[in-house]
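J.: Here it is: the structure, laid out below.
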Amino acid sequence: RRGDPPPVGVHFSGHGGPGVLVFEDDYGEARDVPIDSLLTEIRRRAPERLPRFFYLACCHGGDAPPAAEDSPLPAVATALHRDGITQVVGYFGPVLDDLSTRAERAYYAELALGRRTRDAVRAARMAMSEAPAAAGRSPARDAAGSGGALAYAWAQMVLYQRGPDHPLGKTIEAAPPVAFETTERRREEAYPGSRSQILKAGFVGRRKEMHTLRRDLRAGRHLHVVQGTGGLGKSAFCAEALKVYARLGWQPLALWCADVEGMAGSVEGLLRQLEDAGRTLVGPAWDGVLASVDRLAAEQEQLREPAARLLFLLEILLQPRFPPLVVYLDNLESLQIGPHDAGAEDFAAWRDPACAALWVGLRGLQQRASGRLAVLASTRYRHRDFGAVVPFHRLPADALWRMLPWFPNLRRLTEGNRAWLVDRLAGHPRAVEFLDALIADAVLAWEYDNGPFEPGCLSEEEERTRIIARVLPELDVKLSENLLFDALWDRVLDAPARDLLVRASVLRRPGDRALLAALGGEGADAPIDKLRTTGLLSEIREPKPDGGWTSTYEVHPTIRALAERRSDRAEVLKQEGHRRAGDHLEAVAASSPSWQDNIEGAFHLRQVGEVDRSFDLLAPLVQDLQNRGRIQDSIVCLRDIGDPEALHPSRAAWVSSFHGDALQAYGRATSATCSRRRDGSTTRSPPTGRAWPLPSGWRRRIPATPAGSATSR
């Protein structure tokens with residue numbers, strides 16, 4: 001509705017479903033908008049501003065929702081095209097994020113060259129068909145394997161066109177070739193006076209945490225402690241949080257705790273920082289304020305304490321003539337006792353009474369002036385005075401994949417090697433920064449003997465061997481030093497906590513507190529709490545559908561590798577972990593509504609040679625998939641059972657018979673006949689599989705599904 005002239009095109013980047021587009025607000029709350037409702041609003045509010053083309057960069061843009069034959073519902077793409085938009089581009093089915101990005105890049109590059117839309121779609125399809133399957137994602141079902149091309153991905157993309165196809169714009173002349181392989185990595189101050197440089201463009205991940213923060217601010221909650229092990233991006237997240245506060249009219253005030261860590265009086269150092277910051281916030285009148293406080297302190301002994309004086313100055317800054325204040329304490333663990341300073345008993349406690357008084361006073365002041373004062377802090381270690389923290393864990397793989405090309409030396413590596421590094425770096429942003437510097441040194445050393453390092457001068461395997469592999473040991477050393485792992489292992493963790501850390505490292509998926517207790521054995525609460533306090537056990541907090549939160553825990557892969565290297569009994573403890581996890585999940589699976597407990601329990605039991613028990617957990621799932629026509633998924637699940645020769649003969653015979661029947665059913669599904677509707681459209685008949693009975697005596701958890709209802713699995 002804004003701008004002149006009307007837009008030539010509209011690019012929708014988000015989520016979609018058959019017949020709907022999903023819009024999201026700043027709090028992460030989604031709303032499904034049927035395409036007919038959207039078009040009605042467009043015609044009512046801006047009928048003269050229909051664009052020439054509409055790009056649906058979402059899933060299911062070409063899929064129509066199920067409907068009765070006498071009242072068919074339109075797909076989003078067909079509805080837009082029918083309503084007057086000349087060109088509509090969309091996808092059938094779900095599309096991978098990486099493929100969609102590649103298609104968009106090729107599509108708009110062609111438009112920028114003055115080419116027709118159909119030529120741009122052809123280039124986008126080519127880019128999708130040539131994309132490696134391993135580009136930061138798990139191999140897709142139709143891929144030939146890790147690194148193979150997604151051979152049929154191009155068929156998802158369609159163009160709806162009416163009339164002549166004229167170019168949408170003139171050719172954009174560019175002196176140097178336009179670089180669109182990466183997001184520009186520009187840095188800026190988070191706010192005036194900030195010491196940390198953050199990404200101006202390219203902050204990725206942490207969507208859930210940002211949405212949770214915005215919802216908290218809307219609800220009036222203004223106390224947040226972001227906690228997690230070192231290098232996970234806590235400071236970057238807090239900088240983004242301060243941007244949110246700034247847009248709401250709050251004034252940031254940063255106190256740098258790391259600067260006062262080695263001082264005799266930590267709070268006195270923070271007090272001096274506040275006094276300096278006050279001059280920036282208030283101006284020349286601040287010196288008069290400090291003089292008045294000095295005279296008052298001569299009469300009141302309490303104000304001579306640095307914590308009380310700091311809090312008193314904050315109260316002055318909270319007066320209505322000043323904007324609301326958000327106090328940010330960076331590296332709050334510097335006010336806590338670290339692993340180098342004391343043993344396990346004193347670890348993570350406040351360094352001195354002044355530090356404790358400062359935090360308790362800040363918390364009380366924030367409660368009294370909740371509309372005028374917010375407290376935001378980042379820390380590695382937990383403390384009971386923090387209450388419920390904002391737990392930080394590793395970045396998702398797709399976010400790390402998008403981050404790698406922003407670093408100039410990592411960008412020089414082949415795409416296949418960057419994809420290989422995604423798992424190796426395990427969602428650790430600081431590991432990416434360390435590796436970029438190490439790769440730069442390795443490339444310089446290679447160039448000394450071989451000349452300029454140009455694209456294609458080394459094969460993917462040679463690049464991994466001669467450039468990447470030689471710096472990975474040094475990367476592990478730098479990460480261990482940054483995480484203070486050796487000090488935590490030697491001075492803070494006792495034997496039960498060390499053993500639990502190694503046992504928990506065998507989990508493929510985060511586990512809940514009950515699973516950790518099973519891994520720890522009798523008296524597991526103390527080692528669990530110790531690992532949570534140190535940040536060596538990452539918490540993942542998810543909202544429940546009916547309200548509240550559920551917490552699961554994982555060991556970061558970097559910490560897992562370091563723990564296995566330091567433990568003298570690593571292999572024995574890992575076998576114990578597999579057995580205890582398998583026993584626990586086998587018991588949970590008996591009443592669990594999710595098949596995931598069966599899958600994970602079967603995996604752990606296989607690792608300790610319990611193949612028959614593993615089979616008994618997976619067989620009902622295989623049967624259920626077959627009954628619901630998911631033939632290929634049942635075949636994949638059968639492969640997880642392993643070699644049938646290792647099973648009991650009756651189980652092995654069942655696997656062989658079932659596997660052959662599944663392959664036949666899959667062949668029938670791929671050659672399914674088409675039936676014709678009244679309106680002339682065609683549809684494939686759903687595949688059906690033959691249900692093989694499970695041998696008697698085996699647990700069978702496949703409840704009957706009422707007609708017309710959907711299964712939750």
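The values are calculated or read from the model by the stated rules, or taken from the named source; none is laboratory data. Just so you know, these numbers come straight off a predicted model, no measurement behind them. Neighbour counts are summed over all protein chains in view; Cβ atoms, including those assigned to glycine, are modelled from backbone coordinates with ideal geometry. Just the protein is used for accessible areas: all its heavy atoms, side chains included, with ligands, DNA and RNA removed. Shrake-Rupley method; radii C 1.70, N 1.55, O 1.52, S 1.80 Å.
J.: In the stretch 357-373, what residues are among the polar types (S, T, N, Q) and open to solvent by 20 Å² or more (accessible area, probe 1.4 Å)?
T.: GLN367, SER370, listed by residue number.
J.: Write out, first by first residue and then by second, each pair whose Cβ atoms fall under 7 Å of each other, whose residues are 6+ apart or on separate chains, and whose first residue, in the stretch 254-266, is over 14 Å from ILE337 (Cα atoms) while the second is surrounded by fewer than 23 Cβ atoms within 10 Å (Cβ to Cβ) and polar (S, T, N, Q).
T.: The qualifying pairs are ALA254/SER194; LEU255/GLN273; TRP256/GLN273.
J.: Of the conditions (1) open to solvent by less than 60 Å² (accessible area, probe 1.4 Å); (2) touching a Leu at 6+ places or on another chain (Cβ under 6 Å), ARG580 satisfies every one except a single condition; which number is it?
T.: Among (1) open to solvent by less than 60 Å² (accessible area, probe 1.4 Å); (2) touching a Leu at 6+ places or on another chain (Cβ under 6 Å), the lone unmet condition for ARG580 is (1).
J.: Condition test on ASP436, is it open to solvent by 10 Å² or more (accessible area, probe 1.4 Å) and within 27 Å of ASP398 (Cα to Cα)?
T.: Here the answer is yes, as ASP436 does meet what is asked.
Listed here are the residues, each with its yes/no results for (1) touching a residue at least 40 places away in the same chain (Cβ under 8 Å); (2) in contact with a helix residue (DSSP H, G or I) (Cβ under 9 Å, 6 or more places away or on another chain); (3) open to solvent by 60 Å² or more (accessible area, probe 1.4 Å).
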| residue | (1), (2), (3) |
| --- | --- |
| SER13 | yes, yes, yes |
| PRO18 | yes, yes, no |
| VAL33 | no, yes, no |
| LEU38 | no, yes, no |
| ARG44 | no, no, yes |
| CYS58 | yes, yes, no |
| GLY62 | yes, yes, no |
| ALA67 | no, no, no |
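J.: Working only within the stretch 478-487, note down all residues that are buried (at least 20 other Cβ atoms within 10 Å of the Cβ) and either in contact with a Ser or Thr (Cβ under 7 Å, 6 or more places away or on another chain) or of a type in the set (Val, Ile, Thr) (or both).
T.: LEU479, LEU483
J.: Tell me, which residue of the stretch 488-547 that is in a loop (DSSP other than H, G, I, E, B) and charged (D, E, K, R) is most open to solvent (accessible area, probe 1.4 Å)?
T.: Looking at residues that are in a loop (DSSP other than H, G, I, E, B) and charged (D, E, K, R), I get GLU522.
J.: Could you please let me know if ARG304 is over 26 Å from ALA241 (Cβ atoms), surrounded by 13 or more Cβ atoms within 10 Å (Cβ to Cβ) and of a type outside the set (A, V, I, L, M, F, W, C)?
T.: no
J.: Do we have any residue at all in the stretch 269-284 that's within 40 Å of the chain's Cα centre (by Cα), within 30 Å of LEU531 (Cα to Cα) and outside any helix (DSSP H, G or I)?
T.: No, the stretch 269-284 contains no residue that is within 40 Å of the chain's Cα centre (by Cα), within 30 Å of LEU531 (Cα to Cα) and outside any helix (DSSP H, G or I).
J.: Does LYS234 satisfy being within 28 Å of GLY205 (Cβ to Cβ) and free of Cβ contacts under 8 Å to residues at least 60 places away in the same chain?
T.: no
J.: Given the options GLU474, GLU454, GLU447, name the one that is part of a helix (DSSP H, G or I) and without any contact (Cβ under 8 Å) to a residue 24 or more places away in the chain.
T.: It is GLU447.
J.: So ARG411 passes all but one of these: (1) under 24 Å from the mean Cα position of the chain (by Cα); (2) open to solvent by less than 10 Å² (accessible area, probe 1.4 Å); (3) of a type in the set (D, E, K, R). Which condition number does it fail?
T.: Just one mismatch for ARG411, condition (2).
J.: Quick test for you: out of SER614, SER634, SER591, pick the one residue that is over 15 Å from SER656 (Cα atoms), of a type in the set (S, T, N, Q) and buried (at least 16 other Cβ atoms within 10 Å of the Cβ).
T.: The unique qualifying residue is SER614.
J.: While we're here: For the stretch 547-573, give me each residue that is within 16 Å of ASP476 (Cβ to Cβ) and basic (Lys, Arg).
T.: Of everything in the stretch 547-573, those that are within 16 Å of ASP476 (Cβ to Cβ) and basic (Lys, Arg) turn out to be ARG560, ARG565, ARG566.
J.: Filtering the stretch 73-97 down to residues that are part of a loop (DSSP other than H, G, I, E, B) and under 12 Å from PRO18 (Cβ atoms), which residue is modelled with the lowest pLDDT?
T.: It comes out as LEU73.
J.: Could you please give the count of residues in the stretch 92-123 that are within 23 Å of PRO167 (Cβ to Cβ) and of a type outside the set (Gly, Ala, Ser)?
T.: So the count comes out to 15.
J.: Restricting the first residue to the stretch 478-504 and requiring it to be on the phi < 0 side of the Ramachandran plot, which pairs with a second residue that is of a type in the set (Asp, Glu) meet a Cβ separation below 7 Å and a spacing of at least six or different chains?
T.: SER480/ASP486; VAL502/GLU564; ARG503/GLU576
J.: Just to be sure I understand, how many residues within the stretch 210-267 are acidic (Asp, Glu), over 18 Å from TYR27 (Cβ atoms) and not in a loop (DSSP other than H, G, I, E, B)?
T.: So the count comes out to 1.
J.: Also: I'd like the full set of residues that are surrounded by 17 or more Cβ atoms within 10 Å (Cβ to Cβ) and acidic (Asp, Glu), limited to the stretch 383-403.
T.: Of everything in the stretch 383-403, just one residue is surrounded by 17 or more Cβ atoms within 10 Å (Cβ to Cβ) and acidic (Asp, Glu), namely ASP398.
J.: From the residues in the stretch 321-343 that are aliphatic (A, V, I, L, M) and open to solvent by 10 Å² or more (accessible area, probe 1.4 Å), which one is farthest from GLN227 (Cα to Cα)?
T.: Checking each candidate, the answer is ALA342.
J.: Restricting the first residue to the stretch 421-441 and requiring it to be at negative phi, which pairs with a second residue that is among the hydroxyl-bearing types (Ser, Thr, Tyr) and surrounded by 22 or more Cβ atoms within 10 Å (Cβ to Cβ) meet a Cβ separation below 8 Å and a spacing of at least six or different chains?
T.: Close Cβ pairs (under 8 Å, with a partner that is among the hydroxyl-bearing types (Ser, Thr, Tyr) and surrounded by 22 or more Cβ atoms within 10 Å (Cβ to Cβ)) amount to HIS428/THR558; ALA431/THR558.
J.: Can you tell me which residue is surrounded by the most Cβ atoms within 10 Å (Cβ to Cβ) among those in the stretch 98-128 that are within 22 Å of VAL20 (Cα to Cα) and either free of Cβ contacts under 8 Å to residues at least 12 places away in the same chain or in contact with a helix residue (DSSP H, G or I) (Cβ under 6 Å, 6 or more places away or on another chain) (or both)?
T.: Going through the qualifying residues, I end up with ALA103.
J.: Go through the stretch 589-624 residue by residue and tally those that are closer than 19 Å to LEU500 by Cβ and assigned to a helix (DSSP H, G or I).
T.: Number satisfying all stated conditions: 3.
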